[in-house]
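Presented below is the structure to which this report refers.
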Amino acid sequence: MSSDFDFLTAKQKKVYMVIESFIKSKGIPPTVREIGELVGEKTPGAVQGILNRLEQKGVIKREVGMARSIQLVNNNSQYAPHVYLPKIKKVSQRNVNDLLNIYNIINYVPVPSSLFGEGGDCFIIDCPDNSLLESGIKYNDMLVISRNYELKDGDIVLMLYETHVLLRYYNHHENPDLIVLKADSELLGKEVFNRNEVTIIGKLVGKYTKY
């Protein structure tokens, strides 16, 4: 740690270095409990107090209510700025209005903030089907879905139809009560829907895949 951090107390420096080392080795920030174990502090409240002071001094920042959200603030860092997006288990009729409840979040995935900004409106989900395989999107690709969107013809959306969670190309219909949702391979035998029979979950804005 450079002399730029001489304004920190010894305990604050130790916690900062533990966080930095954890992120470099694990690729994710530590939890309060993990920090306490690594610095020998058994009281979570004491660790929270140190984190609060580190945040006040501007060397870390955190997202309220989000686990593993600690980010180091260091102008000399070799690590690109990033945000943590929640990866969810599934979309269903039962949870469509509460996708980010704690029971539906698997973990938080670090992604470059240069691609997704603050990421507050985005989540990650495994691709649910192969209906856009010819477009290069395959089953179990990790998809980044934005819930803050304006749709234009040709955008790819994640949709819920009955019990089916699907990816489709969005297009307007001349009838404002209808919507056109096309796939590369049409498994449902249907691409024109009433607007009230489908739920548009969000717009595809990113994808992670293995070759």
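The values are calculated or read from the model by the stated rules, or taken from the named source; none is laboratory data. These numbers were taken from a predicted model, which means no experiment stands behind them. Here the Cβ positions follow ideal geometry from the backbone for every residue, glycine too, while neighbour counts run over all protein chains shown. Surface accessibility is based on the protein's heavy atoms, side chains included, excluding ligands, DNA and RNA. Shrake-Rupley method; radii C 1.70, N 1.55, O 1.52, S 1.80 Å.
Yes/no per residue for (1) at pLDDT below 90; (2) in contact with a Ser or Thr (Cβ under 6 Å, 6 or more places away or on another chain); (3) on the phi > 0 side of the Ramachandran plot; (4) not charged (D, E, K, R):
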{"position": "SER21", "(1), (2), (3), (4)": "yes, no, no, yes"}
{"position": "LYS26", "(1), (2), (3), (4)": "yes, no, no, no"}
{"position": "GLU37", "(1), (2), (3), (4)": "no, no, no, no"}
{"position": "THR43", "(1), (2), (3), (4)": "yes, no, no, yes"}
{"position": "ALA46", "(1), (2), (3), (4)": "no, no, no, yes"}
{"position": "ILE50", "(1), (2), (3), (4)": "no, no, no, yes"}
{"position": "ARG62", "(1), (2), (3), (4)": "yes, yes, no, no"}
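Would segment 167-182 turn up any residue that is free of Cβ contacts under 8 Å to residues at least 24 places away in the same chain, surrounded by 18 or more Cβ atoms within 10 Å (Cβ to Cβ) and in contact with a His (Cβ under 7 Å, 6 or more places away or on another chain)?
Yes, there is a match, as at least one residue in segment 167-182 is free of Cβ contacts under 8 Å to residues at least 24 places away in the same chain, surrounded by 18 or more Cβ atoms within 10 Å (Cβ to Cβ) and in contact with a His (Cβ under 7 Å, 6 or more places away or on another chain).
Checking LYS138 against (1) open to solvent by 50 Å² or more (accessible area, probe 1.4 Å); (2) in a strand (DSSP E or B); (3) farther than 30 Å from ILE70 by Cα, only one condition comes out false. Which one?
Result: LYS138 fails condition (2) only.
Conditions tested, residue by residue: (1) in the same structural domain as ILE201 (by the TED database); (2) among the charged types (D, E, K, R); (3) farther than 17 Å from LYS207 by Cβ.
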site: LYS89; (1), (2), (3): yes, yes, yes
site: SER92; (1), (2), (3): yes, no, yes
site: VAL96; (1), (2), (3): yes, no, yes
site: LEU99; (1), (2), (3): yes, no, yes
site: VAL111; (1), (2), (3): yes, no, no
site: PHE116; (1), (2), (3): yes, no, no
site: GLY120; (1), (2), (3): yes, no, yes
site: PHE123; (1), (2), (3): yes, no, no
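Given (1) open to solvent by 60 Å² or more (accessible area, probe 1.4 Å); (2) in contact with an Asp or Glu (Cβ under 8 Å, 6 or more places away or on another chain), where does TYR84 come up short, assuming only one miss?
Looking at each condition in turn, TYR84 falls short on (1).
Run down VAL157, VAL165 and say which single residue is closer than 19 Å to ASN196 by Cα and at pLDDT 95 or above.
After ruling out the rest, the residue left standing is VAL157.
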